[in-house]
1. Looking at VAL335, VAL357, VAL383, can you tell me which residue is out of contact with any His (no Cβ under 8 Å at 6 or more places or on another chain) and within 19 Å of THR28 (Cα to Cα)?
2. I'm checking my understanding of the structure. Among residues of segment 133-149 that are more than 20 Å from ILE87 (Cα to Cα) and modelled with pLDDT of 80 or more, which one is surrounded by the most Cβ atoms within 10 Å (Cβ to Cβ)?
3. Take PHE316 and decide whether it is open to solvent by 40 Å² or more (accessible area, probe 1.4 Å) and either modelled with pLDDT under 85 or assigned to a helix (DSSP H, G or I) (or both).
4. Identify all residues within segment 331-360 that are at pLDDT below 75 and over 18 Å from the mean Cα position of the chain (by Cα); write none if there are none.
5. Going through segment 19-45 one residue at a time, which ones are part of a helix (DSSP H, G or I), more than 19 Å from ALA263 (Cβ to Cβ) and either modelled with pLDDT under 75 or open to solvent by 10 Å² or more (accessible area, probe 1.4 Å) (or both)?
6. Which of the residues belonging to segment 237-251 are under 14 Å from the mean Cα position of the chain (by Cα) and among the hydrophobic types (A, V, I, L, M, F, W, C)?
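The values are calculated or read from the model by the stated rules, or taken from the named source; none is laboratory data. From a predicted model like this one, the values you see are computed outputs, not experimental measurements. All Cβ positions, even for glycine, are placed from backbone atoms using ideal geometry, and neighbour counts span all protein chains on display. Heavy atoms of the whole protein, side chains included, go into the accessibility calculation; ligands, DNA and RNA do not. Shrake-Rupley method; radii C 1.70, N 1.55, O 1.52, S 1.80 Å.
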Amino acid sequence: MDKGLSTSRWRALASTSFGHLVNDGWVTFIPLMADLIVNENQTPLAIVTLISVSFYSSSALLNFYVGHLADASGSQGKMMSMGIAIISLSYLGFDFALGHPADTLLYFAVALFSVLAGLGSAFYHPIAGSIVQNSFSFNSRGKALGVNGAFGQVGSAAFPPIFFGIALFLTQRGALALLAVFGLAASVAIWWGLGGYRNRTMAPKGERRSLRKVLTRGIVILTAITVVRAMANTGVSVWLPTYITFVRGEGVGSLLGYTIAAAFIGAIPGQLVFGALVERLDKRYVLGISSAGAGLAVLGYIWTEGAVALVFIVLFGFFSYSSFPTLLSLASDYVPAANWTAANGFVWGFGMMGGNVLGPAITQAIIGNDYARLNAAFTLLAVLGLAGAIATPLLKKGEYARANRETGRETV
């Protein structure tokens, strides 16, 4: 293999992995941000739903457009770094919201900055997935996606305790501003790292822009299955800080941050394991196993306490946050390589993010303003996740699966 080719390939993996760390660190902060505003500004619980729905809705609507634009332009690296900068800037806005009294302006501000954060997050997953898919052959693509996804979980696990640790010496607002500056610096580093990346699987212009090449039957069905999976998982994860604070009685502080971090610590080996499994087993069954495991872990968590409950939190992270290597590996089996970014954006945007909008809203509808109903809400969502897991193997095998396996090219 050409030395320059190999260097570019690993540089692409390093840059996208660092981007995943920062992007998912910020995305993890959305439910924590809602919990902080409820406690600091003494707002009703409805603001949790306002923040999550505004964030996930904007991300869902824009993922496919961003992916389609990236396929058309070939400027994946620069667009990805731009997204990291946008989501980092949005948290400077949340910093303002934390210091503002609870009034109409506060609700408008948190909705606006949640939409801005959703816009920034829309860039990462479809683009990074495409870069990794194009950079590695079939024999190593799953593991590369798993490594990339593991860095995302490192960010998710690290951001909450880092925030609370910094807040001990500064204030919560000061810690948030400092992390935002770090995010902006990271976007510059990613811009530099991926500045030389070019998509070498671009189809002729007319073909590349054809939505028919992206919206295949397999992609549409996979997206529907993803909606159910995301509803079940995010309906729990978004409300988990509130559950720990009020139902478990832990309050807001470092213990909350460490408990949330435990889920993402479990996700780190989960990304690596499921990334390796999609190269060896039928991807449909791998996705189904991860969905079933997440549902069972939620049931285990709400039925136990103490150290045992913490184990189930880790297992929930292990199974539920494996979507990056499983979903995007599977999505590539249903479209030509030139349309991977757009297909990633459709599945991740309308499937993953669409389910992320509906899940927290379902939880809100069940509990109203009664925290005690969170146990019932989590149970219902876990059962929904198990139903989605049963349906996943019914998805037909992708028409491009064999081509992806037989064409083991390295394209960066």
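1. Answer to the check: VAL357.
2. Of everything passing the filter in segment 133-149, LEU145 is surrounded by the most Cβ atoms within 10 Å (Cβ to Cβ).
3. Here the answer is no, as PHE316 does not meet what is asked.
4. PRO336, ALA337, ALA338, ASN339
5. Correct list: VAL38, ASN39, GLU40, ASN41.
6. Result: VAL238, single match.
Okay, residues lined up against (1) over 30 Å from LEU315 (Cβ atoms); (2) modelled with pLDDT of 85 or more; (3) open to solvent by 30 Å² or more (accessible area, probe 1.4 Å):
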{"residue": "THR171", "(1), (2), (3)": "yes, no, yes"}
{"residue": "ALA175", "(1), (2), (3)": "no, no, no"}
{"residue": "ARG198", "(1), (2), (3)": "yes, no, yes"}
{"residue": "MET202", "(1), (2), (3)": "yes, no, yes"}
{"residue": "GLU207", "(1), (2), (3)": "yes, no, yes"}
{"residue": "THR216", "(1), (2), (3)": "yes, no, no"}
{"residue": "ILE221", "(1), (2), (3)": "no, yes, yes"}
{"residue": "ALA224", "(1), (2), (3)": "no, yes, yes"}
{"residue": "THR234", "(1), (2), (3)": "no, yes, no"}
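For (1) outside any helix (DSSP H, G or I); (2) farther than 30 Å from THR171 by Cβ; (3) open to solvent by 10 Å² or more (accessible area, probe 1.4 Å); (4) in contact (Cβ under 8 Å) with a residue 12 or more places away in the chain, each residue gets a yes or a no:
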| residue | (1), (2), (3), (4) |
| --- | --- |
| ILE244 | no, no, no, yes |
| ALA263 | no, no, no, yes |
| ALA267 | no, no, no, yes |
| ALA276 | no, yes, yes, yes |
| TYR285 | no, yes, yes, yes |
| TYR301 | no, yes, yes, yes |
| ALA307 | no, yes, yes, no |
